[in-house]
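Q: Quick one: this structure, given as structure tokens, is what I'll be asking you about.
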Amino acid sequence: MKIHEYQGKQLLRAAGVSVPRGLVVKSADDAATAFEELGGEVAIIKSQIHAGGRGKGRFREAPDQSGVVLLRSAEEARENASRMLGNTLVTVQTGEEGKTVKTLFLEEGLDIARELYLGIVIDRETCSPVLIASTEGGMAIEEVAAETPEKIFREAVDISTGLTDQQARAIAEKLDLAGTALENAVELFPTLCRFFVESDCSLTEINPLVVTGDGRLMCLDAKVSFDDNAMFRHEDFETLRDLDEEDPAEVRAAEAGLSYVNLDGNIGCLVNGAGLAMSTMDLIKLHGGEPANFLDVGGGADVDAVTEAFRIILEDDNVKAILVNIFGGIMKCDTIVEALLGAYENVGITIPLIVRLEGTNVELAREMLESSGREIVTATDLTDAAQKVVATLEA
């Protein structure tokens, strides 16, 4: 679950982290008022979308304008807000379709002496959070890793004790921090790590973390994402969701208890089990096809849930064929076939459908398919299924 920058900063401020003063605005007049309320000579107006690269991004209807702008007056705030709101911002992370800007964040300007990078993610190898820092703030960390990896520093975080003062000081010294900034870092770094763990984050990224002219550390940006599987522990976070920023099909699938991720290919996938779904996608790619989605119906889905899965797949205009791959355990093969045949009746399947079944009640399921009279292609194993679904698109 992703949230906006301004929401992330609200949470960080509540956790004791230093962030600039800012105001959320949704109209041009609000932007002008916010500039005056902040009371400084300069301010920054930022587009609020769930994507990075906003400063380098460009509006589709105004390609010479970026999603982050420096302001020097209330009138500039009004003019820029009027241009940005309702416009489509295209960044490296949105793709060409971009995202519509519906909310802006007006923030006080700072006297910036240095820009640093700070992030916390889960390290799958050590099975723990890891604090990542770099002197190259304001840049994509992927670029830094590729071009100057020696400028990236890491510290593993023990979730039972948190980041120690000694670890925090070691990272701060590698970032060449001294005086007030060093002392701020020794307090800030463990606080951010504690926030990450206690909030069940999957990502907390501050880019840039700035050193101000008077030597203080301040979080100039905040990208925060949470682990969806832990949201039952944080019911208050539900109010932070912006469904306008999420894929409608993915939201709909989640409501039906399905795990669904929309992709760019043309072969729809309906599978039970996340690992099997990944293997199915890999085999499709191996044989020259492109999966249109990841879709795991789970082990206990009923006919209604599976039927909804077919509806979601079929509503993607890019899908030109469907591969159903079921290994029946808790999810019985005949349940899938019942839903599949129901989808023919209730949804309408007019594209090639390849089905591979194995496991509980597989013989009954195969009999149901054979007696259905439907033009369904069956496969003996996963490789056979992948080859057949790719072949239908090449024919």
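Every number here is computed from the coordinates shown, using simple stated rules; none is lab data. Bear in mind the structure is a predicted one, so any value in this text is a computation, not a measurement. When we count neighbours, we look across all protein chains shown, and the Cβ atoms used for this are built from the backbone with ideal geometry, even at glycine.
Q: Find which of P291, F195, A386 sits farthest along the positive direction of the dipole of the chain, computed with +1 on the beta-carbon of Lys and Arg, -1 on that of Asp and Glu, about the Cα centre.
A: It is F195.
Q: Which GluC sites (Glu not before Pro) in region 86-192 pass both tests, a DSSP loop state and at most 14 other beta-carbon atoms within 10 Å? Please report the intermediate quantities before stating the final value.
A: Values: sites: E96, E97, E107, E108, E115, E125, E136, E142, E143, E147, E150, E155, E173, E183, E187; in loops: E96, E97, E125, E136.
Sparse-neighbourhood loop GluC sites (Glu not before Pro): E96, E97, E125.
Q: When the helix-only estimate is applied to the chain (DSSP H runs of n ≥ 4, each -39,500 (n - 2.57), divided by the residue count), what is the mean residue ellipticity at 222 nm, nearest 500 deg cm²/dmol? Please report the intermediate quantities before stating the final value.
A: On the way: 12 runs with 139 residues, N = 395.
That comes out to -11000 deg cm²/dmol.
Q: What number results when the radius of gyration of region 176-291, computed over Cα atoms, is divided by 2.2 N^0.38 Å?
A: Details: Rg = 20.4 Å, N = 116, 2.2 N^0.38 = 13.4 Å.
Rounded to two decimals, the normalised Rg is 1.53.
Q: Please turn the phi angles of region 191-196 into ³J(HN,Hα) values with the Karplus equation 6.51 cos²θ - 1.76 cosθ + 1.60 (θ = phi - 60°), one per residue in order, whole Hz, x for glycine and proline.
A: Once rounded to whole Hz, the list reads 5, 5, 5, 5, 4, 4.
Q: Just need the relative contact order of the chain here, percent rounded to a whole number, with Cα pairs under 8 Å and 6+ apart.
A: Numbers: 796 pairs, mean separation 46.9, N = 395.
Reported relative contact order: 12 percent.
Q: Also, I was wondering about something else. Can you tell me the length gained on complete extension of the stretch A170 to R216, counting 0.36 nm per residue apart and subtracting the Cα distance?
A: On the way: separation 46, 0.36 × 46 = 16.56 nm, distance 1.79 nm.
Roughly 14.8 nm would be gained on extension.
Q: Still on this structure, please answer the following. Taking θ = phi - 60°, what integer Hz values does the Karplus form 6.51 cos²θ - 1.76 cosθ + 1.60 yield along region 242-254, in sequence order, with x for Gly and Pro?
A: These are the phi-based 3J(HN,Hα) values: 10, 5, 5, 8, 9, 5, x, 5, 5, 5, 4, 5, 4 Hz.
Q: Based solely on C-alpha atoms, express the radius of gyration and the Dmax of region 20-108 in angstrom.
A: Rg and Dmax of region 20-108, Cα atoms, are 12.1, 37 Å.
Q: Please compute, over every Cα-Cα pair in region 285-395, the percentage with a separation greater than 19 angstrom.
A: Details: 2526 of 6105 pairs.
Pairs farther apart than 19 Å: 41 percent.
Q: Whose amide H sits under 5 Å from the amide H of R21, counting only residues 5 or more places off or on another chain, with H placed in the peptide plane?
A: When sequence neighbours closer than 5 places are left aside, the close amide H contacts are E108.
Q: Do any GluC sites (Glu not before Pro) in region 241-309 lie in a DSSP loop with no more than 15 other beta carbon atoms within 10 Å, and if so, which? Walk me through the numbers on the way to the answer.
A: Values: sites: E245, E246, E250, E255, E308; in loops: E246.
Those satisfying the criteria are E246.
Q: Looking at the P(r) of the chain, how many percent of alpha-carbon pairs lie beyond 36 Å? Could the numbers behind the result be given before it?
A: On the way: 30347 of 77815 pairs.
Beyond 36 Å sits 39 percent of the P(r) for the chain.
Q: How many angstrom lie between the Cα centre of region 298-349 and the Cα centre of region 267-289?
A: About 15 Å separates the Cα centre of region 298-349 from the one of region 267-289.
Q: In whole percent, what relative contact order does region 174-219 give with Cα contacts below 8 Å and a gap of six or more residues? Intermediate results must be reported in sequence, preceding the final value.
A: Values: 25 pairs, mean separation 18.6, N = 46.
Once divided by the residue count of region 174-219, the mean separation gives 41 percent.
Q: For region 160-286, build the charge dipole from Cβ charges (+1 Lys, Arg; -1 Asp, Glu) around the Cα centre, then report which of T212, L240, L177 sits farthest towards its positive end.
A: L177
Q: Can you run phi through the Karplus equation (6.51, -1.76, 1.60; θ = phi - 60°) for region 51-61 and list ³J(HN,Hα) in whole Hz, with x for Gly and Pro?
A: 6, x, x, 5, x, 9, x, 9, 6, 4, 7
Q: Turning to a different aspect of this structure: What translational D, rounded to a whole number of µm²/s, comes out for region 210-357 from Stokes-Einstein when the hydrodynamic radius is the Kirkwood one over Cα pairs, at 10 °C and 1.306 mPa s? Provide the component values of the computation, followed by the final result.
A: Numbers: Rh = 17.1 Å.
So the translational diffusion coefficient is about 93 µm²/s.
Q: Considering only Cα-Cα distances, which of the following residue pairs are longer than 32 Å: K102/K285; K99/K320; K26/K151; K174/K285?
A: On the way: K102/K285 37 Å; K99/K320 26 Å; K26/K151 39 Å; K174/K285 43 Å.
Too far apart for the 32 Å limit: K102/K285; K26/K151; K174/K285.
Q: Now for a different question. Considering only G67, V92, N80, whose Cα is most displaced toward the positive end of the charge dipole of region 20-108, charges sitting on Cβ of Lys, Arg (+1) and Asp, Glu (-1)?
A: It is V92, whose Cα lies furthest towards the positive end.
Q: Looking only at Cα atoms, what is the convex hull volume of region 112-237 per residue, in Å³?
A: On the way: hull volume 13.8 nm³, N = 126.
So the per-residue hull volume is 110 Å³.
Q: Further, regarding this structure: Work out the length of the dipole vector of the chain about its Cα centre, built from +1 on the beta-carbon of each Lys and Arg and -1 on the beta-carbon of each Asp and Glu, and round it to the nearest 20 debye.
A: Details: 35 positive and 69 negative charges, 87 e Å.
About 420 debye.
Q: Rounded to the nearest 0.05, what FRET efficiency do D316 and A14 have when you use their Cβ-Cβ distance and R0 = 45 Å? List each step's numbers first, then the result.
A: Numbers: r = 40 Å, r/R0 = 0.88.
Efficiency for this residue pair is about 0.70.
Q: Summing +1 for each Lys or Arg and -1 for each Asp or Glu, what net charge is found among the other residues whose Cβ lies under 9 Å from the Cβ of N361? Please report the intermediate quantities before stating the final value.
A: Details: positive: K332; negative: D334, E363.
With Lys, Arg at +1 and Asp, Glu at -1, the neighbours total -1.
Q: Would you mind checking the radius of gyration and Dmax of region 291-343 based on alpha-carbon positions, in Å?
A: 10.8, 32
Q: Between region 1-55 and region 177-193, how far is it from one alpha carbon centroid to the other, in angstrom?
A: Each part reduced to its Cα centre gives a spacing of 23 Å.
Q: Another one. With the contact rule set at Cα under 8 Å and sequence spacing of 6 or more, what percent relative contact order holds for region 34-169? Display every interim value, and only then the final one.
A: Details: 225 pairs, mean separation 27.2, N = 136.
Relative contact order for region 34-169 comes out at 20 percent.
Q: Pull out a ≥ b ≥ c, the square roots of the eigenvalues of the alpha-carbon gyration tensor of region 111-176, then state rounded if a/c is under 1.5, prolate if not and a/b is larger than b/c, and oblate in the remaining case. Can you show the working numbers first?
A: Numbers: a/c = 2.22, a/b = 1.36, b/c = 1.64.
It comes out oblate by the Cα gyration axes.
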